[in-house]
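The following block contains the structure, expressed as structure tokens.
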Amino acid sequence: MAGGGGGDRSGANEAERLQDAMRFFGSDSNEFRHRLDRMLADFETLRRRYEQARAQHHDAERQNEKLVAMLQEAKQQIELLKEEVDKLCAPPNTYGIFIRANKDGTSEILMDGRPMRVNVHPNLDPFQLDEGQYVVLNEAFNVIEGAEYTQRGEVCNVVDTISDSRVIVSGHTDDERVVTLSEPLRREHIKVGDPLLVDMRTQYAFEKLPKSSVEEVMLEEIPDVTYNDIGGLGDQIEILRDSVELPYL
């Protein structure tokens, strides 16, 4: 473009020299008039070519900007597709039960009933996790994320309480075993007879279940009160004994 500008200036200077020459030799000089006309025509041609080249340059710049934008968009789409492919090709994650965090940055977990000491992702604070909570493990068995509590298991009834964190439960086979209460369950009032959701593999209780309508009217213990301990209701006691005890005699 700089060369085009220099050509314009040289053509204008030449035209000025020819005009000066015409004034010097007189207006009847046909040779100088023809040379001047040719120079002016060449100058106009060069000017039009310069304008065309300038317009083409601007069009090329706009086209380059569009191409750059398209390439950036294509790059982003390729990166998103790569992330999706990496997710699909990644190995499946496993789950464990969080027990406690250690001062050295490791944590104690249960995986399929086996106790393990594992590392924790630097962006995850293990002291913010609760005992009994599910945690997500990567292929190296490192804790990378906290998860919810399990919602599946066996329904067991509390037989006795050992401490604030442990109780004795009885399952459908009447086998008694000691289980650990999860952190949220320890904040509830657990008493004998309460049904709990228990994961038998990990020996953790996760949820206090509502009692059925039949269980609500059943006595948890057989009372040692006799009819003789009740006074002033002789007629009512006689009617009750006739309706309850006589059919079994």
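So what is the relative contact order of the range 94-146, in percent, for Cα pairs below 8 Å that sit 6 or more residues apart?
Once divided by the residue count of the range 94-146, the mean separation gives 38 percent.
Moving on to the next point. Tell me, what ³J(HN,Hα) does each residue in the range 64-72 have, in order and in whole Hz, if you take phi through Karplus 6.51 cos²θ - 1.76 cosθ + 1.60 with θ = phi - 60° and put x for Gly and Pro?
Listing the rounded values in order: 5, 4, 5, 5, 5, 5, 5, 5, 5 Hz.
Taking loop as defined by DSSP and a crowding limit of 14 other beta carbons within 10 Å, which GluC sites (Glu not before Pro) in the range 89-169 fit?
Glu139, Glu148
Right, here's the next one. For the ranges 80-93, 163-176, what's the packing order if you count other beta-carbon atoms within 10 Å of each residue, average per peptide, and put the highest first?
163-176, 80-93
Once you have a ≥ b ≥ c as the square roots of the Cα gyration tensor eigenvalues for the range 156-217, tell me rounded if a/c is under 1.5, and otherwise prolate or oblate according to whether a/b is larger than b/c.
Oblate is the answer for the range 156-217, as a/c is 1.5 or above yet b/c matches or exceeds a/b.
Spelling out what I want: for every residue of the range 112-119, take phi, set θ = phi - 60°, compute 6.51 cos²θ - 1.76 cosθ + 1.60 (Karplus), and round to whole Hz; glycine and proline get x.
Taking θ as phi minus 60°, the curve returns 6, x, 9, x, 9, 10, 10, 7 Hz for the range 112-119.
Students often check this: by mean Cβ neighbours within 10 Å, which of 53-66, 179-192 ranks highest, and how do the rest follow?
For the peptides 53-66, 179-192, the packing ranking is 179-192, 53-66.
Same structure, new question: Straight-line reach only, C-alpha to C-alpha below 28 angstrom: list the lysines that Lys208 could link to, leaving out same-chain residues fewer than 8 apart.
Lys191
We did not get these values from a lab; they are worked out from the coordinates using the rules stated. Quick caveat, the model's predicted, so the values are computed rather than measured. Cβ sites come from the backbone with ideal geometry, for glycine too, and all protein chains shown count toward neighbours.
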